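The values are calculated or read from the model by the stated rules, or taken from the named source; none is laboratory data. These numbers come from a predicted model, not from an experiment. Here the Cβ positions follow ideal geometry from the backbone for every residue, glycine too, while neighbour counts run over all protein chains shown.
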Amino acid sequence: MIKILVLLSLLSIGAYTQDQAANATQFLQASDAVLVLLNFQDGFMQGSMSSEGSGEQLQSHEGLAAEQQNNLNALINLVKAFNISSIVGVQNNETYGAVWQQIQQNLTDAQIITLSNAGEYAFNNAEFQNALTATGKKSIILAGLPADASLVYNSIIAQQQGYKVWAVLDSSPVYSQMAFWIALQNLNVAGINARTWLQVSNELLFGNPENVAQVNQIYGAFLPGTNITGVPIVPVEPSGNETAPANETAPANETTPTDGGNGGTEGGRRLRFIYGGRQ
C-alpha cells in the first residue's frame with residue numbers, strides 16, 4: 001500500500017496544463033460525489049491479478065487476491081459512511097456473470113445499469129448517463145474492472161463530459177503488472193486524479209472531519225492496527241533524555257516507522273492527518 005501511495009505522489013509531479021493542475025488539487029467533497037463501479041462481475045475475473053502485480057493468477061472472483069477484495073470492500077464502506085450514492089454499470093450477465101456478492105449485499109440502494117451493447121463504455125450509454133445526471137453530482141469516485149480498459153477509458157470520457165474524476169486504482173483489478181503501469185500512466189497523462197481508497201478517505205475527511213470516528217472504524221476493519229489522530233505530530237529521534245507520554249507509548253511489537261512517520265507496523269500503525277492532508 002505504501003509503495004502505491006509513494007508512486008502516485010511521484011507521478012503527480014508530471015507535466016499538467018493549468019486546468020489539469022487545478023483539477024488535481026481540488027479536494028473531493030462528499031456532498032458532490034457519486035460512486036461508480038463498472039464491470040465487477042464474476043466473468044471478468046479469469047486471469048486477473050492485484051493492482052500491485054503480485055503475479056498470482058486468479059481463476060475466479062472467489063480467488064481474487066485478498067488485498068484487492070479488501071480494498072474494494074473498504075471503498076464501499078467508505079462511501080456508505082459519507083452517505084454517497086452509487087451506480088453500478090454491468091455488461092450482459094448471461095455472458096459475464098453476476099455482480100459481485102459484496103456489492104449486491106452492501107450497496108443495496110445502488111442503481112444497477114445493464115449496458116445494452118457488448119464492450120460499451122458506461123459513460124457513452126444513454127441510460128447510464130440519465131441515472132448519473134439524476135444524481136446532480138459532478139464528482140465521480142470510479143473503480144472498474146479491468147483498470148487499464150474500463151477504469152481508464154471511462155475516466156477519460158467522464159472528464160471530457162465535464163465531470164471531475166477520482167480513479168481508484170487499488171480497487172480496480174488488472175490482468176498483468178504491465179497493465180497496471182499502463183493504466184497509471186494513461187491516467188497521469190490525462191490529468192485524472194489517480195487515487196487509492198486511503199487517499200479518497202483522506203480527501204473526504206477534509207470536508208467532513210466530523211466523520212473521523214466512522215472512518216476510524218473502517219481503518220480498523222480494513223487496515224488492522226491503524227487509526228487516525230487529528231493532531232499532527234512529527235516523529236523525532238529521541239536524544240535519550242525524553243520519555244514518551246503515557247498515551248503515546250508504542251506497543252511492544254511496534255518499531256520506528258520507515259515511511260516518513262506516516263505508518264508503522266501492523267501491530268500499532270497510526271496515520272496522522274491535517275484535515276485532508278496526510279502528514
(request) Could you check, for segment 58-79, whether at least one of its residues is modelled with pLDDT under 95, outside any helix (DSSP H, G or I), farther than 24 Å from A131 by Cα and not aliphatic (A, V, I, L, M)? (result) yes
(request) Inspect all residues belonging to segment 140-150 and state whether any of them is out of contact with any strand residue (DSSP E or B) (no Cβ under 8 Å at 6 or more places or on another chain) and modelled with pLDDT of 95 or more. (result) no
(request) Give I157, I112 a once-over and let me know the one that is surrounded by fewer than 19 Cβ atoms within 10 Å (Cβ to Cβ), under 24 Å from L187 (Cα atoms) and β-branched (V, I, T). (result) I157
